[in-house]
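Student: What follows is a structure written as structure tokens; I'll ask about it next.
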Ligand code: PMP
């Protein structure tokens, strides 16, 4: 019999898949190979499973998280799912503190995994006792045995990528990777994977792997002020501790329009139903590919799947409401645009 004793054992070891259609405009005589690291193969459906299990392992080792303890984290998305899965498998409670702008579906997913959720008003200042930052701090103080992972400052975030994502990409490409492209949210993925790849290739004849961040236009990483953008999970209005600024060689800003356009193309042309930050990263990777050499190997990381974005990026109505789709007309399930 071949089986796993826990879903947690399935975290990592995600495949590399060549992008062949969205790269077809590149001159075949000069085009590099572009490979997607498809993170929706993780059991929680995103790259954040890696971070969740590493943060919990470390907290168990240090004693910060004791048997029967409670994990308290202000997160609505992928990190919450990863934490919830590992927590239930190891007998911890999870409390997620969320702002009230979070979509009901996302709250339902966390609850489905057995987590408790506390919803706080968005329209208050961060220092207001009702804000989700303050509430998560208070719950961490008040719940006996509570522990707050804080992915924005937790060293295990980048370390999980240094220990898993980086070695996987290096081995899967037989050390031939020349460029690594990834979106930047907390900065954990780029800092950990990038550091590993740079160390491994430091003395290589062709030079070290070039590490390229993809960032929504408006975010601070690409020189913006933090002004709003619609791509989720990436970009910030502050510089988190988890982000090692010495790692990226370049940050490429991508517009919402280009990110969403590429996200939809990935589903229709490559069969990859992925999230908006994946389209953003691929849009940046193609800009890199346009200037690359024929024997270059570009790896672009796709953080999550697309099911959580059906009502947004994959809805023609939503896309045209935001002005991203000039010629609606494609008929999608459940909504017919005339
Ligand atoms: N895309 C999505 C959908 C995410 O949830 C995240 C994590 N915030 C990222 C990209 C960015 O990854 P990181 O936090 O490691 O920079």
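Student: If residue 213 satisfies all but one of (1) crowded, with 24+ Cβ neighbours inside 10 Å; (2) assigned to a loop (DSSP other than H, G, I, E, B), what's the number of the condition it fails?
Tutor: For residue 213, the failing item is (2).
Student: Among (1) away from the ligand (no atom under 16 Å from the Cβ); (2) on the phi < 0 side of the Ramachandran plot; (3) surrounded by fewer than 16 Cβ atoms within 10 Å (Cβ to Cβ), which single condition is residue 131 missing?
Tutor: (3)
Student: Would you confirm whether any residue within the stretch 94-102 is buried (at least 18 other Cβ atoms within 10 Å of the Cβ) and out of contact with any strand residue (DSSP E or B) (no Cβ under 8 Å at 6 or more places or on another chain)?
Tutor: Initial filter on the stretch 94-102 (buried (at least 18 other Cβ atoms within 10 Å of the Cβ)): 94-98, 102.
Add one more test, that the residue is out of contact with any strand residue (DSSP E or B) (no Cβ under 8 Å at 6 or more places or on another chain), and what stays is none.
No, there is no match, as no residue in the stretch 94-102 is buried (at least 18 other Cβ atoms within 10 Å of the Cβ) and out of contact with any strand residue (DSSP E or B) (no Cβ under 8 Å at 6 or more places or on another chain).
Student: Could I ask something else about it? Go through the stretch 226-334 and tell me which helices (runs of 4 or more DSSP H), entirely inside it, have 3 or more residues that are within 22 Å of residue 211 (Cβ to Cβ) and over 19 Å from the mean Cα position of the chain (by Cα). Lay out the reasoning, then the answer.
Tutor: Details: elements: 256-270, 276-290, 316-321.
By residue number, 276-290.
Student: Filter the stretch 150-159 down to the residues that are more than 9 Å from the ligand (Cβ to nearest atom) and assigned to a helix (DSSP H, G or I), then identify the one that is surrounded by the most Cβ atoms within 10 Å (Cβ to Cβ). Outline the logic, then answer.
Tutor: Of all residues in the stretch 150-159, those more than 9 Å from the ligand (Cβ to nearest atom) come to 150, 153-156, 159.
Now restrict to residues that are assigned to a helix (DSSP H, G or I): 155-156, 159.
Numbers: 155: 16, 156: 24, 159: 20.
Only one residue fits best here, namely 156.
Student: Against the condition modelled with pLDDT under 95 and out of contact with any strand residue (DSSP E or B) (no Cβ under 9 Å at 6 or more places or on another chain), how does residue 67 come out, does it pass? Before the answer, list the steps.
Tutor: On the way: modelled with pLDDT under 95: no; out of contact with any strand residue (DSSP E or B) (no Cβ under 9 Å at 6 or more places or on another chain): yes.
Here the answer is no, as residue 67 does not meet what is asked.
Student: Let me ask something additional. Starting from the stretch 43-57, keep only residues that are on the phi > 0 side of the Ramachandran plot, then list their pairs with residues that are more than 9 Å from the ligand (Cβ to nearest atom) whose Cβ atoms are within a distance under 8 Å, requiring at least 6 positions of separation or different chains.
Tutor: Every condition considered, the pairs that remain are 45/81; 45/305; 45/307.
Student: Could you please tell me which pairs satisfy a Cβ distance under 9 Å, a separation of 6+ or placement on different chains, a first residue in the stretch 288-305 that is without any contact (Cβ under 8 Å) to a residue 12 or more places away in the chain and within 23 Å of residue 189 (Cα to Cα), and a second residue that is assigned to a loop (DSSP other than H, G, I, E, B) and within 16 Å of the ligand (Cβ to nearest atom)?
Tutor: Between residues of the stretch 288-305 that are without any contact (Cβ under 8 Å) to a residue 12 or more places away in the chain and within 23 Å of residue 189 (Cα to Cα) and residues that are assigned to a loop (DSSP other than H, G, I, E, B) and within 16 Å of the ligand (Cβ to nearest atom), there is no close pair.
Student: Tell me whether the stretch 145-159 contains one or more residues that are in contact with a helix residue (DSSP H, G or I) (Cβ under 9 Å, 6 or more places away or on another chain), closer than 28 Å to residue 293 by Cα and modelled with pLDDT of 95 or more.
Tutor: No, the conditions are met nowhere in the stretch 145-159.
Student: Also: Taking only pairs six or more apart or across chains, which ones have beta-carbon atoms under 7 Å, a first residue in the stretch 183-203 that is touching a residue at least 60 places away in the same chain (Cβ under 8 Å) and on the phi < 0 side of the Ramachandran plot, and a second residue that is assigned to a helix (DSSP H, G or I) and away from the ligand (no atom under 13 Å from the Cβ)?
Tutor: 193/169
Student: Quick check on this structure: which one of 259, 246, 315, 277 is farther than 23 Å from residue 40 by Cα and either surrounded by fewer than 20 Cβ atoms within 10 Å (Cβ to Cβ) or at pLDDT 95 or above (or both)?
Tutor: After applying the criteria, what remains is 246.
The values are calculated or read from the model by the stated rules, or taken from the named source; none is laboratory data. Treat the numbers as computed from the prediction; the structure is a model and nothing was measured. Heads up, the Cβs are rebuilt from the backbone with ideal geometry, glycines too, and the neighbour counts pull from every protein chain shown.
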